[in-house]
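Presented below is the structure to which this report refers.
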Amino acid sequence: MEKESQTIFDKNVIEFVTVSAEFCAFLERADSIPRNKFIDTSLKLLPLLYLKAAMLPPCEQIGEELPERYVTEDIYEMIRTKLAGLLAEKDDYLDVFVQDMEYSDQPIKKNISEDLADIYQDIKDFVFVFQLGLNETMNDALVICQENFGHLWGQKLVNTLRALHDAMYNVEDETEEENNYESDDEDCQCGEDCHCHDHEGHCHEDGCHCQDEK
């Protein structure tokens, strides 16, 4: 019993608890954060959460019953819906590193909001038990969180990180489209009576006479 009690007060465990609590609080107030800032902060917080989880010391379960859980279906759905609304069109991504790929030859569509809600569920349950301050249940909650990190939410974290990175930095195509549209309009100098534009308002390159008699 003494060994387990010492484990839950290990420096790496305390640091993991701190980062986990910050992560949960961050998701809970996501609807008050601009999307770009949310993505940017997630890209900094998620790697730290992974690192602290990977540094946890070995721990063995000592209780016969599972620790109490905090996250209900309603709480889970509230978090997921909040994140989905915030991320909007950035929420979907294609994932090839999931078990279902064994039965499919196409990438499977996933949602950042659902992945983050799944991670939140495990982390929040862990933080909730730790805040109760009972050594035995704190120890067993740590064991469960470690196991789920290895088999469940750790993989979801790295998959989500890739999707968030793409959402943050892959804006080149949108910028090029905007620039091309502006460039087309600037090339035409015919004035209001010009008929060389297509139905989308773009100036035709072939056969355009907007420079004639200039």
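The values are calculated or read from the model by the stated rules, or taken from the named source; none is laboratory data. Values in this document were obtained by computation on a predicted structure and should not be read as measured data. What goes into the accessible areas is simple: the full protein's heavy atoms, side chains included, and nothing from ligands, DNA or RNA. Shrake-Rupley method; radii C 1.70, N 1.55, O 1.52, S 1.80 Å.
Could you rank M168, M138 by how accessible they are, 1.4 Å probe, largest area first?
Numbers: M168 55, M138 10 Å².
Putting M168, M138 in descending order of accessible area: M168, M138.
Among the lysines, which fall within straight-line cross-link reach of K82, defined as a Cα-Cα distance under 27 Å, with same-chain neighbours fewer than 8 residues apart omitted?
K37, K44, K52, K90, K109, K110, K124, K156
Order K11, K90 by their accessible area, 1.4 angstrom probe, all chains in place, largest first.
K11, K90
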